[in-house]
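> Dropping the structure in here first, questions after.
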Amino acid sequence: MKTRVLFIGGCGRSGSTLLSVFLNAHPGMVSVGELKFLPEWIARDAPCTCGRPVSACEFWRDIAAGLAGRRRAESGESGESATRLGDEELSEVIEAVRDRTGCRVIVDSSKTVADLDRLKRREDIDLYVIHLVRDGRGYLRSRTKPVKHSTVRPEVQEPVSAVKAIGRWLATNLEYSRQDARLPPDRLMRVRYEDFVRDPESELARICGFVGLEFDPAMLEDGMHDCHDIGGNGWRYAQSSAIRLELDESWRRRLSPWQKLLFAVGASWLNRRYGY
Ligand SMILES: [Zn+2]
């Protein structure tokens with residue numbers, strides 16, 4: 001039996017952690033966060049969203065132990081498997097999550113096209129893809145501002161230059177725009193972060209229809225209940241139950257005139273294509 005996976009792709013800082021938490025509240029969907037980081041999370045025994053290290057989290061404990069055990073048995077064959085899930089391992093983990101939760105749809109927010117391509121190659125995966133976009137100026141602000149909150153992966157939170165941020169936003173979104181020609185139209189949908197925050201019910205209903213599920217009002221009520229995401233934005237650890245959706249448009253005030261000009265010259269053409 002094929003396992004249905006909803007893959008969230010796009011740039012970081014585009015609301016994928018937020019979206020995955022809301023999707024996870026659907027009784028037929030379970031979010032695993034950024035599955036690509038699972039080997040790293042196991043190696044560091046890092047906490048998932050529930051706050052427990054994976055070895056103590058009841059969602060991940062057995063899956064992590066199974067994966068670590070198989071790797072020990074096969075050790076010596078390949079050094080690269082230490083930091084990334086192999087293709088077989090990827091399917092095994094997804095299948096284990098499906099069997100453990102009974103959910104029809106597994107949500108993976110690994111985001112990169114390389115991770116999407118790995119899933120595409122798996123014949124046991126029934127793949128649906130969301131290209132999550134955010135106004136590039138919001139991404140630019142988010143990637144260039146100094147970050148105050150602590151996270152479990154402080155190294156990925158380091159600010160980058162405006163040129164680098166714009167380059168990454170362009171490259172990643174163009175890669176996903178190219179997927180329009182590589183995936184059937186009923187397997188790829190575009191979701192704008194701003195539309196989701198302004199009208200979560202409409203966007204969540206649209207996503208449910210896309211993956212063949214009925215919208216469930218629990219998605220708007222349950223907040224962080226029973227969430228075990230790997231990776232993702234550090235804010236999730238600070239959440240209690242209800243999540244307040246607030247559109248972050250601080251870029252309007254906080255981007256410098258130079259940054260706005262740079263974006264206008266280099267990337268506004270693609271921003272307009274997404275309706276910004
Ligand atoms: Zn957990």
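> Six or more apart or on different chains, Cβ under 6 Å: which pairs go from a residue in the stretch 167-194 that's closer than 22 Å to ASP248 by Cβ to one that's modelled with pLDDT under 95? Could you list them?
Listed pairs, sorted by first residue: TRP169/CYS11; THR172/CYS11; TYR193/SER14; TYR193/GLY15.
> Any residue in the stretch 23-34 that is farther than 20 Å from ASP124 by Cα, of a type in the set (Asp, Glu) and either within 16 Å of the ligand (Cβ to nearest atom) or assigned to a loop (DSSP other than H, G, I, E, B) (or both)?
Looking for residues that are farther than 20 Å from ASP124 by Cα, of a type in the set (Asp, Glu) and either within 16 Å of the ligand (Cβ to nearest atom) or assigned to a loop (DSSP other than H, G, I, E, B) (or both), one finds none in the stretch 23-34, hence no.
> Right, something else. When you go through SER110, SER75 one by one, which is the residue that is among the polar types (S, T, N, Q), over 13 Å from the mean Cα position of the chain (by Cα) and more than 16 Å from the ligand (Cβ to nearest atom)?
SER75
> On the given criteria, is ARG190 among the basic types (Lys, Arg), assigned to a helix (DSSP H, G or I) and touching a strand residue (DSSP E or B) at 6+ places or on another chain (Cβ under 9 Å)?
No.
> Now, a different point. Among the residues that make up the stretch 2-16, is at least one of them modelled with pLDDT under 95, of a type in the set (Ser, Thr, Tyr), assigned to a loop (DSSP other than H, G, I, E, B) and away from the ligand (no atom under 13 Å from the Cβ)?
Yes.
> Residue check: is PHE37 more than 10 Å from the chain's Cα centre (by Cα), over 21 Å from LYS120 (Cβ atoms) and in contact (Cβ under 8 Å) with a residue 24 or more places away in the chain?
No.
> What do you reckon, is ARG236 at pLDDT below 95, part of a loop (DSSP other than H, G, I, E, B) and charged (D, E, K, R)?
No: the conditions fail for ARG236.
> Within the stretch 55-73, can you find the residues that are touching a residue at least 40 places away in the same chain (Cβ under 8 Å) and under 20 Å from GLY86 (Cα atoms)?
Passing the criteria: only TRP60.
> On to the next question. Quick one: in the stretch 40-54, of everything that is without any contact (Cβ under 8 Å) to a residue 12 or more places away in the chain and assigned to a loop (DSSP other than H, G, I, E, B), which residue is farthest from the ligand (Cβ to nearest atom)?
ASP45
Each row is one residue, and each column tells you yes or no for (1) more than 18 Å from SER14 (Cα to Cα); (2) surrounded by fewer than 20 Cβ atoms within 10 Å (Cβ to Cβ); (3) over 19 Å from the mean Cα position of the chain (by Cα).
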| position | (1), (2), (3) |
| --- | --- |
| ALA162 | no, no, yes |
| ALA171 | no, yes, no |
| SER177 | no, yes, no |
| MET189 | no, yes, no |
| ARG192 | no, yes, no |
| VAL197 | no, yes, no |
| GLY212 | yes, yes, yes |
| ASP216 | yes, yes, yes |
| GLU221 | yes, yes, yes |
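This table checks each residue for (1) out of contact with any helix residue (DSSP H, G or I) (no Cβ under 9 Å at 6 or more places or on another chain); (2) under 22 Å from GLU89 (Cα atoms); (3) of a type outside the set (A, V, I, L, M).
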| site | (1), (2), (3) |
| --- | --- |
| VAL5 | no, yes, no |
| SER16 | no, no, yes |
| HIS26 | no, no, yes |
| LEU35 | no, yes, no |
| PRO39 | no, yes, yes |
| ALA43 | no, yes, no |
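> Determine whether the stretch 80-95 contains at least one residue that is within 16 Å of the ligand (Cβ to nearest atom), without any contact (Cβ under 8 Å) to a residue 60 or more places away in the chain and over 19 Å from the mean Cα position of the chain (by Cα).
Scanning the stretch 80-95, I find no residue that is within 16 Å of the ligand (Cβ to nearest atom), without any contact (Cβ under 8 Å) to a residue 60 or more places away in the chain and over 19 Å from the mean Cα position of the chain (by Cα), so the answer is no.
> A further question on this structure: So is LEU116 more than 16 Å from the ligand (Cβ to nearest atom), crowded, with 20+ Cβ neighbours inside 10 Å and at pLDDT 95 or above or not? Outline the logic, then answer.
Values: more than 16 Å from the ligand (Cβ to nearest atom): yes; crowded, with 20+ Cβ neighbours inside 10 Å: yes; at pLDDT 95 or above: yes.
Against the criterion (more than 16 Å from the ligand (Cβ to nearest atom), crowded, with 20+ Cβ neighbours inside 10 Å and at pLDDT 95 or above), LEU116 qualifies.
The values are calculated or read from the model by the stated rules, or taken from the named source; none is laboratory data. Just so it is clear, the structure is predicted and the values come from calculations on it, not from any experiment. Using ideal geometry, Cβ is built from the backbone for each residue, glycine included, and neighbour counts are taken over all protein chains shown.
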